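Novice: Have a look at this one.
Where a number appears in this text, it was derived from the coordinates with a stated rule and is not lab data. These numbers come from a predicted model, not from an experiment. Neighbour counts are summed over all protein chains in view; Cβ atoms, including those assigned to glycine, are modelled from backbone coordinates with ideal geometry.
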């Protein structure tokens, strides 16, 4: 009899452990900011490994995340994750789930929220290239969906082990013509694209039900592409929470492009019932006054979208110095290690 009671106690303890684990496995995100002002900082770890340091506007060397938060009122960071970046000729292993989780923890410890951008590639995914990871290259479509699921859950759980629950996760990056080509190429098979988005969305929600998923397209002013892509996804049963947009105008056309982007954002809200996030913005570092005006304008216009449906604005890699990584010229730091005035546009 005593043996039976002990067995019942063991089984009860195991049941309670499983319930607790299940609850933790679906841990909700911490409260997202009412309006996200942020930066994609994915290059930071690699730059630090190369010996880069950053100064504030007074010339004092400080942690770059602290500068972004305390000097420019940023409350969020964006981090991209590649499947196996060591397979590409870039990154030297950076921008994997583990490195992203380390950066995410640094941001969380400063009180900042986190957006993940899952590229589902070993290297850059954007409108011109959506290459499958090398390990997935010969998969059937079912195997591809299974890989998207398992990779997404793996990245989310890698974050969770650091105590970080992202507020937003992009299912792909700048998927103007879909993802994981050619299986998920939207112009070839919109339904496959929708199923891949669904798979990523469901995988995110399986770990954190309150994390918002994003479908992110480039050229936020191009309403025709957004209508075709977002409308096609929804017509094919795709589930996601937010429409993400990129905008990289010039110093002469930024005002027009912002107006067009906000018009497009309002159309996405009214036609499809989706919230909108400006996931990436940038402008040439040698036009800092125009960049400041651009940032201020788009920040205020997105924040003023009716119903609070404009969720925020992220600057892409502001900590990049002129010409970093083979010529990137849209950062907001100068060669002397001090920031330009561009990021002042984020100040309230």
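Novice: Going highest first, how would you order 210-222, 335-347 by mean Cβ packing within 10 Å?
Specialist: By packing density, highest mean first, the sequence is 210-222, 335-347.
Novice: So what's Rg/Rh here for region 33-346, counting alpha carbon atoms and using the Kirkwood radius for Rh?
Specialist: Radius of gyration over Kirkwood radius for region 33-346 works out to 0.94.
Novice: Is the shape of region 139-223 best called rounded, prolate or oblate, per the rule: a/c under 1.5 gives rounded, else a/b larger than b/c gives prolate, else oblate, with a ≥ b ≥ c the square roots of the Cα gyration tensor eigenvalues?
Specialist: Note, shape of region 139-223 comes out oblate.
Novice: Right, next: Share of antiparallel DSSP beta bridges in the chain, in percent to the nearest 5?
Specialist: 15 percent
Novice: How far is it, in nm, from the label point at residue 98 to the one at residue 235 when both lie 7 Å from their Cα along the line to the Cβ?
Specialist: Between residue 98 and residue 235, the label points sit 4.5 nm apart.
Novice: Can you compute the radius of gyration and Dmax for region 189-271, using only the Cα atoms, both in Å?
Specialist: 14.2, 45
Novice: Based on the mean of other Cβ atoms within 10 Å per residue, sort peptides 54-66, 311-323 so the most packed one is first.
Specialist: The packing order, highest mean first, is 311-323, 54-66.
Novice: Using 7 Å Cα-to-Cβ label points, what is the residue 146/residue 223 separation (nm, one decimal)?
Specialist: Computed distance between label sites residue 146 and residue 223 equals 4.4 nm.
Novice: Taking 0.36 nm per residue of sequence separation and subtracting the Cα-Cα distance, how much length would be gained by fully extending the chain between residue 289 and residue 187, in nm to one decimal?
Specialist: Fully extending the segment from residue 289 to residue 187 adds 32.8 nm.
Novice: Could I ask something else about it? Viscosity 1.306 mPa s, temperature 10 °C: what is the translational diffusion coefficient of region 97-182 from Stokes-Einstein with a Kirkwood Rh over Cα pairs, rounded to a whole number of µm²/s?
Specialist: Calculated translational D: 116 µm²/s.
Novice: Per-residue ellipticity at 222 nm for the chain, helices alone: DSSP H runs ≥ 4 residues times -39500 (n - 2.57), over residue total, nearest 500 deg cm²/dmol?
Specialist: -12500 deg cm²/dmol
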